[in-house]
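Data first, discussion second: the structure below is written as structure tokens.
FYI, it's all coordinate maths here, none of it is from the lab. Predicted model, so just to flag it, every value in this text is computed and none were measured. Here the Cβ is made from the backbone with ideal geometry for all residues, glycine too, and neighbour counts use every protein chain on show.
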Amino acid sequence: MLKFLKNMLLSLYMQYELVTCIYMFEPWEKKLINSFVLLTLSLVIFSSVVYLPSYIETFLRFVSPLPEEEGGASYTPMLHTEKMSMS
């Protein structure tokens, strides 16, 4: 099972090298390019985890009809501008 997983990962990495054409670079260039790819991917994942839920919530509040409150006041969507805490 472990050998199969290792072969699968090697196969995926070789496919990645062929698709991106980094197989023809020197080892130090491969490391540099791969570090940029990993940095970009990690920033996209981080920002998706931190910011996407609040953006989706704001969007859903904006587009979904909410029941009207007592007294006839209608709902007006407002964007939340408070900062998110990381705690």
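The modelled label-to-label distance between LEU2 and SER54, using points 7 Å beyond Cα along the C-beta direction, is 4.4 nm. By the Kirkwood approach, averaging reciprocal distances over each pair of separate Cα atoms, the range 2-61 gets a hydrodynamic radius of 14.1 Å.
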